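The values are calculated or read from the model by the stated rules, or taken from the named source; none is laboratory data. Everything quoted here is computed from the prediction, not taken from an experiment. Cβ sites come from the backbone with ideal geometry, for glycine too, and all protein chains shown count toward neighbours. Heads up: the accessible areas ignore ligands, DNA and RNA and are worked out on the full protein's heavy atoms, side chains in. Shrake-Rupley method; radii C 1.70, N 1.55, O 1.52, S 1.80 Å.
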Amino acid sequence: MNIKNAATDHPILKLLAERWSPYGFEDQPVPEGDLRSLFEAARWAASSYNEQPWNYVVATREDAVEFGRLLGCLVETNQAWAKTAPVLVLGVVSLQFAKNKQDNRAAVHDLGLAAGNLLVEATARGLFVHQMIGILPDKARELYRIPEHFEAWTALAIGYKGDPAKLPDALRARDLTPRQRKPLGKFVFTGKWGQSSPLVQKRDP
Ligand SMILES: Cc1cc2nc3c(=O)[nH]c(=O)nc-3n(C[C@H](O)[C@H](O)[C@H](O)COP(=O)(O)O)c2cc1C
């Protein structure tokens, strides 16, 4: 079993258990058809009032100018490893409903849902995605002329996972460390805040 596979307490879909966020990527381009399917998966995410507040800017390493532009919108610590990914994507969220200009409190939630869809589709295609909050939204706004009420929120590095041996020491350790999660009892409550739900104390037979 892969060291990164989720050691689950309860059964979940294989695709969810096998997803993880690598720092090392293979030097191998992603077929355009796969990229289209990733965005198609994002497209079919649920969203509040079907607003579909997600927008993406995509750049592949084959287009050095566009790739450099998008890489420049990441904080330096993310640039250091994300520069080896064959594909970078900037997630830009519309923070207002198009119809009535009211604030959309679900917008960022829905950008996350779309990312979830994209990640599952990617995993099914043997691809890996590393999401990033460490971006430079003001720089992105300037470079891409992102309009008011839209905000660059996250970035995605997409590709095939690389050999951890080729990574610098600090990053190699991250790609070789098992993934950890809080137990269900720490975040599923019943009755009052902080009180573990009896539901999640039970084990499946
Ligand atoms: C919204 C979001 C933002 C993240 N931002 C960063 C980031 O800026 N830099 C980074 O190295 N990892 C980032 N990550 C990756 C997380 O650290 C990673 O998902 C977490 O440690 C769990 O590991 P796993 O995805 O391998 O299960 C981000 C993940 C998410 C979902």
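Could you run the Karplus curve 6.51 cos²θ - 1.76 cosθ + 1.60 with θ = phi - 60° over the stretch 15-31 and give me ³J(HN,Hα) per residue in whole Hz, x for Gly and Pro?
Residue by residue, the stretch 15-31 yields 4, 6, 5, 8, 6, 7, 10, x, 9, x, 10, 5, 7, 9, x, 9, x Hz.
Given only helices, namely DSSP H runs of n ≥ 4 each adding -39500 (n - 2.57), what is the per-residue ellipticity at 222 nm of the chain, to the nearest 500 deg cm²/dmol?
Dividing the helical sum by the residues of the chain leaves -9500 deg cm²/dmol.
So if the hydrodynamic radius of the stretch 1-132 is defined as the Kirkwood radius over C-alpha pairs, what does Stokes-Einstein give as its diffusion coefficient at 25 °C and 0.890 mPa s, in µm² per second?
The estimated diffusion coefficient comes to 152 µm²/s.
Accessible area of the stretch 81-138 with a 1.4 Å probe: how many percent of it is carbon plus sulfur?
54
Pick from Asn117, Asn50, Asn78: which residue has the top mean-square fluctuation in a GNM of the chain where Cα pairs under 10 Å get a spring?
Asn50
Through the Karplus equation 6.51 cos²θ - 1.76 cosθ + 1.60, θ set to phi - 60°, convert the phi angles of the stretch 142-155 into ³J(HN,Hα) values in whole Hz; use x for Gly and Pro.
After applying 6.51 cos²θ - 1.76 cosθ + 1.60, I find 5, 5, 9, 6, 5, x, 4, 6, 10, 9, 5, 10, 9, 10 Hz.
For a quick check, take a GNM of the chain with Cα springs below 10 Å and name the residue from Arg172, Arg145, Arg69 with the largest mean-square fluctuation.
Taking springs between Cα atoms under 10 Å, the residue moving most is Arg145.
Checking the cross-link filter: which lysines have an alpha carbon closer than 18 Å to that of Lys182, excluding same-chain neighbours under 8 positions apart?
Lys4, Lys202
Compare Tyr23, Tyr160, Tyr144 in a GNM of the chain, Cα atoms joined below 10 Å, and give the one with the largest fluctuation.
Highest fluctuation among the options: Tyr144.
Once you wrap a convex hull around the alpha carbon atoms of the stretch 1-50, what is its projected area averaged over all directions, in nm²?
Over every viewing direction, the Cα hull of the stretch 1-50 projects on average to 5.9 nm².
Using a simple spin-label model with points 7 Å from Cα along the Cα→Cβ vector, what separation in nm is obtained for Asp63 and Asp103?
Result: 3.5 nm between the two label points.
What is the stretch 127-205 by shape, rounded, prolate or oblate, if you read a ≥ b ≥ c off the alpha carbon gyration tensor as root eigenvalues and call it rounded for a/c under 1.5, prolate for a/b larger than b/c, and oblate otherwise?
Judged from the Cα gyration tensor, the stretch 127-205 comes out oblate (a/c at least 1.5, b/c at or above a/b).
Hey, what did the chain get for relative contact order, percent, Cα under 8 Å, at least 6 apart?
Computed value for the chain: 29 percent relative contact order.
PRE reach from Glu18 (point 7 Å along Cα→Cβ): which of the stretch 107-124 fall under 11 Å by backbone N?
Under cut-off, by backbone N: 123-124.
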